[in-house]
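*Asks:* Could you have a look at this structure, given as structure tokens, before my questions?
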Amino acid sequence: MTAAPRATRHDTTVPPTVRLSVLLWLAAIAAGAVEALVWLALPDPPTPTQLGLRFSIYTVLTVLVLALHTGRNAVRWAVAVLLGGIGTLSLVVEPLSWLAVGGSPTAFLATVDGPTLLITGLRVAHIAAVLAALVLLFRPPATAFFTRNRGR
């Protein structure tokens, strides 16, 4: 007679919602990285120090996002607050401030140069990826995964 398989304390199967969320977070980070590089084509490019700092932050955030696969709820909340909250605010403050002082999207589109238009498109894609990733991170299957693995 063979012994029944021993039950594990935690189910480590990562649900599709979490896997897709991770991919979208990584896409958002990639959009931010590409945006930083496109800024080099503008008249006032970032300094090497600014780029180094930005890419150091992207590296840390990538490691944090990849840690979502562990099922640790603290990681989920760190990603949600840092990328979904603070990161999103950093992306929308500038355009919202511009709109608040009378910026015209129509005039912008009529006069925008190529690099700035690319940056704008990357920013829109970045925000869309963050919002979708954030929603997926709190869907019921994801919540069940992080709840099951809370003690890890």
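The values are calculated or read from the model by the stated rules, or taken from the named source; none is laboratory data. Treat the numbers as computed from the prediction; the structure is a model and nothing was measured. Here the Cβ positions follow ideal geometry from the backbone for every residue, glycine too, while neighbour counts run over all protein chains shown.
*Asks:* Go over the candidates Val135, Val130, Val101 one by one and state the one that is more than 19 Å from Leu42 (Cβ to Cβ) and surrounded by fewer than 13 Cβ atoms within 10 Å (Cβ to Cβ).
*Replies:* Going through Val135, Val130, Val101 in turn, just one is more than 19 Å from Leu42 (Cβ to Cβ) and surrounded by fewer than 13 Cβ atoms within 10 Å (Cβ to Cβ): Val101.
*Asks:* Hey, another quick one. Of all residues in the range 41-59, which are more than 16 Å from Gly87 (Cα to Cα), out of contact with any helix residue (DSSP H, G or I) (no Cβ under 8 Å at 6 or more places or on another chain) and in a helix (DSSP H, G or I)?
*Replies:* Once the filter is applied, which keeps residues that are more than 16 Å from Gly87 (Cα to Cα), out of contact with any helix residue (DSSP H, G or I) (no Cβ under 8 Å at 6 or more places or on another chain) and in a helix (DSSP H, G or I), the range 41-59 yields Pro48, Thr49, Gln50, Gly52.
*Asks:* Sticking with this one: Please pick out the residue among Thr88, Thr70 that is closer than 30 Å to Phe146 by Cα, under 12 Å from the mean Cα position of the chain (by Cα) and among the hydroxyl-bearing types (Ser, Thr, Tyr).
*Replies:* After ruling out the rest, the residue left standing is Thr88.
*Asks:* Looking for something of a type in the set (Asp, Glu) and either touching a His at 6+ places or on another chain (Cβ under 9 Å) or modelled with pLDDT of 95 or more (or both) - is there at least one such residue anywhere in the range 37-53?
*Replies:* no
*Asks:* Quick check on the range 104-127: of everything there that is touching a residue at least 12 places away in the same chain (Cβ under 8 Å) and within 30 Å of Ala74 (Cα to Cα), which residue is surrounded by the most Cβ atoms within 10 Å (Cβ to Cβ)?
*Replies:* Selected residue: His126.
*Asks:* Taking Ala80 as the residue in question, decide whether it is touching a residue at least 12 places away in the same chain (Cβ under 8 Å), within 30 Å of Pro43 (Cβ to Cβ) and within 21 Å of the chain's Cα centre (by Cα).
*Replies:* No; evaluated as a whole, the condition is false for this residue.
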